[in-house]
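Remarks on the structure that follows.
The values are calculated or read from the model by the stated rules, or taken from the named source; none is laboratory data. Predicted model, so just to flag it, every value in this text is computed and none were measured. Heads up, the Cβs are rebuilt from the backbone with ideal geometry, glycines too, and the neighbour counts pull from every protein chain shown. Note: accessible area is taken over every heavy atom of the protein model, side chains too, but ligands, DNA and RNA are not part of it. Shrake-Rupley method; radii C 1.70, N 1.55, O 1.52, S 1.80 Å.
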Amino acid sequence: MSNNERSPLSIGLTEQRRNDKQRRKPDLRIRRTRSLLSNALVTLMQEKPIDKITVQEVLDRATVGRSTFYLHYRDKDDLFLCVLEDGLEMWSTALLRKQEKSYRIAPVTEFFMHVGDAKKLYRALVDSGRIHAFFELAQGYFARGIARRLKDMGMKNLVQSELDARSHALAGNLLSLLKWWLDRGARESPKAMDELFHRMAWSGLQSKSKLR
C-alpha cells in the first residue's frame, strides 16, 4: 500500500499514540476506564457501522463521563486506534512473554482462533474500510515480534537489515494467510494453519540460518 493509499488513521495518529503511551503509566483505575471504553466501542462496532457510532454512545455503553473520555483520547478514531494497537501488542509478543520453547515464531493458533471467534468485528472492519489500517498496523507489530523471536532463537548469518526484511515479509505472509483462511470460511483448524505457516516460514529460514 502506498503512502497515498494509507488510511488517515495510520498516519500521524500511530506515532502520537506511541508518544502518549510512553508518557503515561496507567494505574489500575485508568486501565479499568480504558478497558470499559475499548469494550464499549468493540461491542458497538458489532452492532452498527463505526462511522455511525458517536462518542456519546460509547460513553453511555461504558458508563464513563465525557470529561474522563477526553482525558485519555482525542476522539473516537483515537480510541479505535488504541484498541487495535493494544490487541496487536498483546498478540505479537505472546510467545516472548510466555518464553515459549518451540520452533514457533508467531502465535498463529491462538491469533487465528481469536480472530475466528470475532468474525463480526472483522466484518465491521471490512465494511468500514478500516481493515487496511488493521493489516498495516498488524504487519508492523508482528514483524517486530518475529524479529525478536528469531533473535532469541539464536539465528545466525543474518545481518540486521536482512533480519528486518525477512521478519516483515513473514508478518505479511501471516496476515495474507489469515485473510485467505477467513475468506474461505475458516475451514481448516487454527492449529493446522499454525503448522502450515511455520512449514512455509522455516523452509526459507533454514536454508539461510542455523540455530544454536
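Some notes on this structure:
- The stretch 136-188, relative contact order [Cα under 8 Å, separation at least 6], %: 46
- Probe 1.4 Å, all protein chains present, accessible-area order of 30, 50, largest first: 30, 50
- Whole-percent carbon and sulfur share, accessible surface of the stretch 97-212, 1.4 Å: 53
- Residue 200/residue 121 FRET efficiency (R0 25 Å; Cβ-Cβ; nearest 0.05): 0.40
- Charged neighbours of residue 121, selected by a Cβ distance under 13 Å, balance to +2 (K, R count +1; D, E count -1).
- One compactness figure for the stretch 81-122 is 1.25, namely its Cα radius of gyration divided by 2.2 N^0.38 Å.
- Note on residue 100 and residue 132: the model spin-label points, each 7 Å out from Cα along the C-beta direction, lie 3.2 nm apart.
- In this structure, the residue pairs whose Cα-Cα separation is over 21 Å, taken from 101/179; 101/151; 98/179; 151/191; 119/191, are 101/179; 98/179; 151/191.
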